[in-house]
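Presented below is the structure to which this report refers.
The values are calculated or read from the model by the stated rules, or taken from the named source; none is laboratory data. All values reported here derive from a predicted model rather than from experimental measurement. All Cβ positions, glycine included, derive from the backbone under ideal geometry; neighbour counts span all protein chains shown. Quick note on the areas: whole protein, heavy atoms, side chains included, nothing else; ligands and nucleic acids left out. Shrake-Rupley method; radii C 1.70, N 1.55, O 1.52, S 1.80 Å.
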Amino acid sequence: MVPMRMLRVTLVLMAMLTELYANETTQDFISKYNKYNTVCRGIGYERKNCKGRYHGVIAFHARTSSTLQNLGSYAVVVFGKVTLNSGSAYNGNTGIFTAPTDGIYSFTWTILTKMGSYFNTQIVINGNIVGYNYVDGKAGSAQYEASSTTAVIRMKKKDKVWIRANSGEAKYAYKEWSSFSGFQL
């Protein structure tokens, strides 16, 4: 399959170069460019923007921007320090990820708590529980305890996913050590 694509691309490029050297107007060139671009997309090549990044990449990573303490039952855990947001699907102000397209998405979140404390969370899609993360600093002898969970979720465009505190069980999560990330598979 790759050799056939290479042959097609080579033929398209040869045709483009041949026509580039002919006398033509700017409008002729734009029209031909658009036709070639359509052919390339039709055989499976992805368009790149000027910075070399592919259109359509959906990925984010965010950390807590402050220490979280005593969150109420089912309060949204806001990971407000966004370090990556390709596709602009994660909102660092609300803590909610909104699927820009149908697909399967992978989400991982990590919570770090201190000895003598706990912070239990759920991942939800449109308010329905998909998974849990339970970190209990009371159970171990370490100064800190951390727990990570991954959930792979099939989503429709405009579905919403967020992390929320489990019923009254979100006592303490460290600033910047707790994180939430996701990407489309």
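Numbers at a glance
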| quantity | calculated |
| --- | --- |
| Set 138/158; 81/156; 35/158; 138/160; 81/158; 35/156 screened for pairs whose C-alpha atoms are more than 28 Å apart | 138/158; 35/158; 138/160; 35/156 |
| Heavy-atom accessible area ranking, 1.4 Å probe, most first, across 63, 164 | 63, 164 |
| Cα centre as origin, Lys/Arg/Asp/Glu Cβ charges: segment 121-185 dipole, Debye | 420 |
| Protein-only accessible surface order, largest first, of 155, 115 at 1.4 Å | 115, 155 |
| Which of 179, 117 is most accessible, then next, and so on - probe 1.4 Å | 179, 117 |
| Tensor-based shape of segment 59-117 (alpha-carbon gyration tensor, a/c under 1.5 rounded, otherwise prolate or oblate) | prolate |
| Amide hydrogen neighbours beyond the local backbone of residue 77, cut-off 5 Å, H modeled | 163, 164, 165 |
